[in-house]
Amino acid sequence: MSGTFSLRGVRLPAVQLSGAATVGMLVVAVIVNSALQPNFWSGYALTSNFATFVPLVAIAVGQTIVVLSGGIDLSLGAQVTLASVVAVRVVDGQLDRLPQAVAAALGVGLVCGALNGLVVALVRLQPIVATFATSFVFSGLALVVLPTPGGSVPLEVTTAYRAAVLGLPVALLAILGLALLWWALRRHRVLRHVYAVGGDPEAAYASLVPVARTRVSAYVLGGLFAALAALAVLANTGSGDPFVGNELTLASVAAVVIGGTSLAGGRGGAGGSMLGAIVLALVTNIVFFADVPTTYRQLVNGAVIILALALAGIPALQKRRPAA
Amino acid sequence: MSALLEMTGVRKRYGGVQALDGASLTAVRGEVHALLGPNGSGKSTLDKTLAGTVVPDSGEIRIDGAEARIGGPRDAHALGIAAVYQQLSVVGDLTVTQNVVLGLEPARRLGFLDHRAARVRAATALERFAAAFSGRLPLDRPAASLGPGEQQIVEVAKALAREPRVLVLDEATASLHKEQVEVLFEVVRELRAAGVLVVFTSHRLDEVFALCDRATVLRNGRTVATVDLSSTTEDALVQLMVAAPAQTPVETPDAPQGASRHVEAPVSGRTAESGAVALVVRGLTTDRLRDVSFTVRAGEVLGLGGLQGQGQSELLLALFGAARITAGDALLDGKALPLTSPARAARAGVALVPGDRARQGMFASRPIQENLSLASMRRRARLKLALSAAAERRAARSMVERLSIKIGSLNDPVATLSGGNQQKVVIGKWLLDQPRVVLLDDPAKGVDVAAKEEIYAIVRGLAAEGAVVILNSSDNRELTELSDRVLVLFEGAVAEELTAASITENRLVSSALRLAPGETL
Amino acid sequence: MSAPTVEAPRRALAWRPGPVALAGAVAVVLVIAGELVSPGFAGYGQLVNLMRVAAFLSVIAIGQTIVIIAGGGGVDLSVGKVATFAAIIGSRVMAGDDANIVPAVALALLVAAAIGLVNGLGVTLLRIPPFVMTLGMIGVVQGLILAYTGGQASGRAAPALTSLVNGRIVFDLPGLLFLWLLLGLLAVWLLRRTTFGWNLYAVGANRAAAELTGVRAGRTLILAYVLSATFAGLAGILLLGYTESVFLDLADQYMLPSVAAVVIGGTLLAGGIGGYAGTAVGAIVLTVLQGLLTTLDIGGAWRTIVNGVVLLVLLSLYGRQRRLRS
């Protein structure tokens, strides 16, 4: 039997970063950032930092659910773009159309997620390529909806987003809300099935788990969290941009890895991914405040993401699996 | 008594293979019904049609006289059928409780889980197996942290938690210890008393006679006979299972000489005392091996015995450079054997025929040609790079003839071959590399009787040519037939060495079992 | 019955409809459709032109084919960026002077190979999934391009390179097509008649078994990524010869089509099955399709959508995974 003994170099990558490594990175990122960014702990800096974190945190939760189900969604960034441009078109700067805009964004997430789920679970395409292909469809559609950056979000929304309630930044509350949402989902049958399907699809199928439906649910949840990310993007920037989500896809995967979820599926959780997302956002901050020349900034950011992904490959940082 | 289960004319085709060709099975409630047949006879496929993981191409299934359509596991469940599979369907990352209730989780409103109810249900299902676990029931441990036998028990408990009318046990005892088997049998007898029909598939005839009431024998996907076990013998069953002599020349397991015609070799391998010591292993230690030392002579077959999973496979992997070694070394013909990677070990003259053919031994989608060439092509390549198609074909042909592998074309994917021929391809790829040391991990597992004998002949032939052969086998008869010496392993260490006359099945069994804690014969 | 892992490929093999022939037929149908929609689409000059465009994609897709055959989710999304970077380096070092061709090409290919090496090391040693690793590499290479150029590409292709690529030699065919043929034959030889090729298929079909057959799987995979980046670099140089001067996103748009061409050609994304002939035909199909869309005056956003949909449709024809229920 394979798997019951350790085969050096033969085992497939089902690696998982340990929780200690995730927290360690967060602590280091916070320390470095607070050293470089003036007034890091001031209310203003905290508010604006958290405001930029939310989109990545939200999309990281969505990516985690998809990854746990044994898939991956490379179209999440494009979904953020599409949901945000559709929402900004709908709201068109008018506060009274906000509910419709939110509904439209969530609807886009739902439809995109359902399409991905359909393609992966029912047409049975490899998730990585299938969502890669749909990402082109979604970003193309985003360009059709909003060919150039523009559109506006009601001022009340952007103001509220950067306000504080009981001394806590609204953006921080949004992150806590996302955590709460994850906590609830974790106690739901759908997520249990997501873990089972990601851990061993054949076993899950033989155990009466509705595998296809569970996979579709995972992608739909992913899409809904992408829609939440889109709303946060709009609230943060105040206008639409048909390229806004491009960078988010890879960052969401990196956040998942940093957060200790195995890309092989079935193991991990969104709590770590949320921390991972914050680590990545802090690193972007650090690169900005460390006075890296503009022409090198992208190189550094790209290298950091690769390094973050590489961390999961370092044995010392990996979570030990229970011994058989 | 009217039949609870009636399957008739069940057919299933996989690509070019007719796995089931009009199989039938009739069984009544309160019966333990054995499903027997050689490998590839369609037992597992028939089990799977019942469980809904395989949908037959045609055929009729009646439960309680009513026609049943089983299009998936959910249909089977609705009909009161639960199955325990040959390949575990335990999800390693979920806890034991989560596994037992998987798919039928007790939930409160809106699909939120009810943890307490789940634990109660799991505990109830596992209670009757308490004796099979050392200590408390591991309800909250991840299933992957349990031993293979314990996982198998969880699997059975999961099926029982579904309160089936029909329980399918497909090779459910394969990874169980003897005492776990006893616990399982006790539960099966209780189920029988409660009117459940148990369909029991096993290779072990002793178990079948110990537990079952009747047996249905399959051959080539067809039902050959259904017999009452109280009025039949083991020999008679074997006669039913092996094909008619006209179709394939098969010997009874006690008379293996027939198949050795392809590889000239002495019938008994126990003649190797004369060879010089070729392989010396000193203090080999890994995660799962403790200070293993031994020597093997050229031309000797060293058997590895003991309960399964005591480090036998790990020892073979370690000698092939595929395990992380923390201490110890090995010398081949006086020179240090590189144990750091399979590639180095292979180049030093070591070959491994792994235990899991599909996952570790062959390249199912690749042509037979490449499967055979791969281990040795570097010898024939120019500048270690350029291959000559003709030379590769010659090499592959020579091995196909030498091992009488039954193939269509060398360009066919190896997956199109039968299990026995696939295994011969895996062995053949190494023979082309002319290894000094051949490590065999259960080489005859999962192949039919005829192919088994041919593989035995190959093993004897290798030893006769002076190779060092180390053979792990889960089949004690195989060990007695092939080995010159047997090392009995227990928890990763050599517990006993059996030589020549002391290698008997009884001795192997007692040696393996006496070592298990709290075990008596 | 043996394990289901053994049954699966058998089913898949029985059911595949000869992708290369099918893709070829699709290409012909598209050309006929083009001729019907816009007479002259299938003219000799026009077809040669399409083949020339297809050549760049085909050369990039050589590496993509190799990496995808290597299996384990192998893919190289950084090929477009690497080609761009190679062209930028080539252009700057050549500076329009024939004397600089050799150092320019050597440096460009060396840098490309180094990028491939990093990809390969990340995928094998650090076990980063290839899609993610090479997607991340896009950002890094883009960063390198910005740092190297300061945001402004410079230099020019050497005239000799341009005449090699664009010059008409036989039948009024550009030299590029002959270079493509040469590289294609090299690719086929590499895959079908070398130990590397056979090891590659073995690793793609079953990595664990490959390791346990003494194949140095890690080395084979790393070499696959190095080759992928090198062929991409080569394509970048060819593109430079064609366009003579470079811009910062010269070959970026080849990322999706390079994967699509491989898939259309019948190479399984699961690894271990496929070949370059199919990829070459796949590249032609995609190029003809793009030509047709251009003829129909379909804009950029919609073309992106069509590309994505085409890839999806093709995947559903070839790339489906096996059912849990059989």
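Among the residues of the stretch C:159-197, what is the count of those that are assigned to a loop (DSSP other than H, G, I, E, B) and among the charged types (D, E, K, R)? Outline the logic, then answer.
Going through the stretch C:159-197, the residues assigned to a loop (DSSP other than H, G, I, E, B) turn out to be C:167, C:171-172, C:193.
Next, from what is left, pick out any that are among the charged types (D, E, K, R): C:172, C:193.
Number of matching residues: 2.
Any residue in the stretch B:342-357 that is part of a strand (DSSP E or B) and without any contact (Cβ under 8 Å) to a residue 12 or more places away in the chain? No: zero hits. For the stretch B:396-411, the criterion of being surrounded by 24 or more Cβ atoms within 10 Å (Cβ to Cβ) and either part of a helix (DSSP H, G or I) or among the polar types (S, T, N, Q) (or both) is met by at least one residue. Do the conditions hold for C:R156, that is, is it in a loop (DSSP other than H, G, I, E, B) and either over 19 Å from C:A235 (Cα atoms) or touching a strand residue (DSSP E or B) at 6+ places or on another chain (Cβ under 7 Å) (or both)? It is false that C:R156 is in a loop (DSSP other than H, G, I, E, B) and either over 19 Å from C:A235 (Cα atoms) or touching a strand residue (DSSP E or B) at 6+ places or on another chain (Cβ under 7 Å) (or both). Here B:G52 fits the description: at the interface with chain C (Cβ under 10 Å from one of its Cβ atoms) and either in contact with a helix residue (DSSP H, G or I) (Cβ under 7 Å, 6 or more places away or on another chain) or acidic (D, E) (or both). Scoring C:T194 on the criteria (1) within 14 Å of another protein chain (Cβ to nearest Cβ); (2) closer than 19 Å to C:T230 by Cβ; (3) under 21 Å from the mean Cα position of the chain (by Cα); (4) surrounded by 21 or more Cβ atoms within 10 Å (Cβ to Cβ) leaves a single failure, condition (4).
Listed conditions (1) touching a residue at least 60 places away in the same chain (Cβ under 8 Å); (2) surrounded by 21 or more Cβ atoms within 10 Å (Cβ to Cβ); (3) part of a loop (DSSP other than H, G, I, E, B) are all met by B:V168, apart from (3). Going through (1) surrounded by 19 or more Cβ atoms within 10 Å (Cβ to Cβ); (2) facing another protein chain (nearest Cβ under 7 Å) one by one, B:A107 falls short only on (1). Pairing residues of the stretch A:166-185 that are over 14 Å from A:A277 (Cβ atoms) with residues that are surrounded by 15 or more Cβ atoms within 10 Å (Cβ to Cβ) and at pLDDT 95 or above, at Cβ distances under 8 Å and at least 6 apart in sequence or on separate chains, gives A:L181/A:V61; A:L185/A:I65; A:L185/A:L191; A:L185/A:L221. Taken over the stretch B:275-294, the criterion of being closer than 15 Å to B:A493 by Cα and touching a Leu at 6+ places or on another chain (Cβ under 8 Å) is satisfied by B:V281, B:R282, B:L284, B:L289, B:D291, B:V292, B:S293, B:F294.
Every residue, every condition in (1) touching a Lys or Arg at 6+ places or on another chain (Cβ under 8 Å); (2) within 11 Å of another protein chain (Cβ to nearest Cβ); (3) more than 30 Å from B:R347 (Cα to Cα), yes or no:
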{"site": "C:G218", "(1), (2), (3)": "no, yes, no"}
{"site": "C:F231", "(1), (2), (3)": "no, no, yes"}
{"site": "C:V259", "(1), (2), (3)": "no, yes, yes"}
{"site": "C:T267", "(1), (2), (3)": "no, no, yes"}
{"site": "C:G282", "(1), (2), (3)": "no, no, yes"}
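Pairs are defined by a Cβ separation below 6 Å, a sequence spacing of at least 6 or placement on different chains, a first member in the stretch B:181-194 that is among the hydroxyl-bearing types (S, T, Y), and a second member that is crowded, with 19+ Cβ neighbours inside 10 Å; no pair meets this definition.
Annotation note: Cβ proximity below 7 Å between a residue of the stretch B:59-81 that is away from every other protein chain (no Cβ under 14 Å) and a residue that is assigned to a loop (DSSP other than H, G, I, E, B) and surrounded by 15 or more Cβ atoms within 10 Å (Cβ to Cβ) (sequence gap 6+ or interchain) occurs for B:I61/B:A68; B:I61/B:I70; B:R62/B:A68; B:I63/B:L4; B:I63/B:L79; B:D64/B:L4; B:A68/B:L79.
Surrounded by 19 or more Cβ atoms within 10 Å (Cβ to Cβ) and within 14 Å of chain A (Cβ to nearest Cβ): which single residue out of C:I89, C:I145, C:I101 fits that description?
On the way: C:I89 fails: within 14 Å of chain A (Cβ to nearest Cβ); C:I101 fails: within 14 Å of chain A (Cβ to nearest Cβ).
Only one candidate passes the filter, namely C:I145.
Only residues that are assigned to a strand (DSSP E or B) and among the hydrophobic types (A, V, I, L, M, F, W, C) were counted across the stretch B:454-476, and they come to 4.
Looking at C:A210, C:A224, which is the one that is among the hydrophobic types (A, V, I, L, M, F, W, C), at the interface with another protein chain (Cβ under 8 Å from one of its Cβ atoms) and closer than 30 Å to B:R380 by Cα?
Working: C:A224 fails: at the interface with another protein chain (Cβ under 8 Å from one of its Cβ atoms).
When all the criteria are applied, what remains is C:A210.
Across the stretch A:275-296, the qualifying residues are those that are in contact with a Leu (Cβ under 7 Å, 6 or more places away or on another chain) and under 18 Å from A:L250 (Cα atoms), and the one among them that is nearest to the other protein chains (Cβ to nearest Cβ) is A:L280.
When B:G135 is tested against (1) surrounded by fewer than 19 Cβ atoms within 10 Å (Cβ to Cβ); (2) within 20 Å of B:E207 (Cβ to Cβ); (3) not polar (S, T, N, Q), only condition (2) is not met.
Restricting the stretch B:1-49 to residues that are under 17 Å from B:A215 (Cβ atoms), modelled with pLDDT under 90 and away from every other protein chain (no Cβ under 12 Å), which is surrounded by the fewest Cβ atoms within 10 Å (Cβ to Cβ)? Among them, the one singled out is B:A3.
The values are calculated or read from the model by the stated rules, or taken from the named source; none is laboratory data. Since this is a predicted model, take the numbers as computed values, not measurements. Ideal geometry is used to build each Cβ from the backbone, glycine not excepted, and the neighbour counts take in all protein chains shown.
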